[in-house]
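Inspection log for the structure reproduced underneath, given as structure tokens.
The values are calculated or read from the model by the stated rules, or taken from the named source; none is laboratory data. None of these values were measured; they are calculated from a predicted model. A quick note on method: Cβ atoms are made from the backbone with ideal geometry, for glycine too, and the neighbour counts reach across all protein chains shown. Just the protein is used for accessible areas: all its heavy atoms, side chains included, with ligands, DNA and RNA removed. Shrake-Rupley method; radii C 1.70, N 1.55, O 1.52, S 1.80 Å.
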Amino acid sequence: MDPRIPRLRRKLAAIPFQPLRSHSFGEEQHQFRLGPKLAETRVTGFEAGHGIALPDAYRQFLTHIGGSGASPFYGLLPLERCSLLVMNSRGEPGTPRGFEGAGPGDHESDLFLHVIEMGCTDVCVIAVTGPLTGRVLTGNSDGFWGPNVSSAIDFLDWYERWLNHMSAGRDNRALELTSPRLRAHPDRYRMAPKI
């Protein structure tokens, strides 16, 4: 088991009780609760059914922390609701790229697994093949805004960054966190730094 797992469990358990923490967009949906951990057989069955191997950090989260629930945005999707996506082919230079469902012949392309519900056509994905394997990206399926690759090295690092920023009462536009200071300000959305 990854040594970060017990630390993440402790941090997540403490978050709802911290009075000066940031507000996490969508927290009313998951209420900082996790679904049950997934059995190894369920995860390997999902991998076999989709012809992929889940990145280790994400797999460890599912089997040692929880299979759905508390995460940035509206929450971690149950594994059976996760879908494989590919990034749209390049359009005009300088235009953002969206995501679309992976088809049978797309296993030669870089594949992304839609793992977190963001709402509307926005997606939070983990790269499962290609040079970004294991990294978390946010983007828009329709290409209204281009994909943003997190600087976090893997899913556990990305998840801990969310917990740390929220605990510290920080703003983080990429994770949709609003600090207590900005929640009270009338121009709060204009003031939040883009990270």
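Data for the structure
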{"read-out": "Highest-fluctuation residue, G105, G169, G66 considered, GNM on the chain with Cα pairs under 10 Å", "value": "G105"}
{"read-out": "Among I126, I116, I65: highest mean-square fluctuation, GNM of the chain, C-alpha pairs under 10 Å", "value": "I65"}
{"read-out": "Per residue, in Å², the accessible surface of the chain once ligands and nucleic acids are set aside, probe 1.4 Å", "value": "51 Å²"}
{"read-out": "Net charge of Cβ neighbours under 12 Å - reference G51; Lys, Arg +1; Asp, Glu -1", "value": "-3"}
{"read-out": "Accessible-area value, T138, 1.4 Å probe, nucleic acids and ligands omitted, Å²", "value": "20 Å²"}
{"read-out": "Accessible surface ranking that places the most exposed of V149, V115 first, with a 1.4 angstrom probe", "value": "V149, V115"}
{"read-out": "Relative contact order, percent, the stretch 58-139 [alpha-carbon distance under 8 Å, six or more residues apart]", "value": "24 percent"}
{"read-out": "The chain - mean residue ellipticity at 222 nm from DSSP helices (-39,500 (n - 2.57) per run, n ≥ 4, rounded to 500)", "value": "-7500 deg cm²/dmol"}
{"read-out": "Chain lengthening between A13 and D110 when straightened (0.36 nm per residue, less Cα-Cα)", "value": "31.4 nm"}
{"read-out": "Residue-level accessible surface for R42, protein heavy atoms, 1.4 Å, Å²", "value": "110 Å²"}
{"read-out": "Whole-number D in µm²/s for the stretch 1-118 (Stokes-Einstein; Kirkwood sum over Cα pairs; 4 °C, 1.567 mPa s)", "value": "81 µm²/s"}
{"read-out": "Carbon/sulfur fraction of accessible area - the chain, other protein chains in place, 1.4 Å, %", "value": "53 percent"}
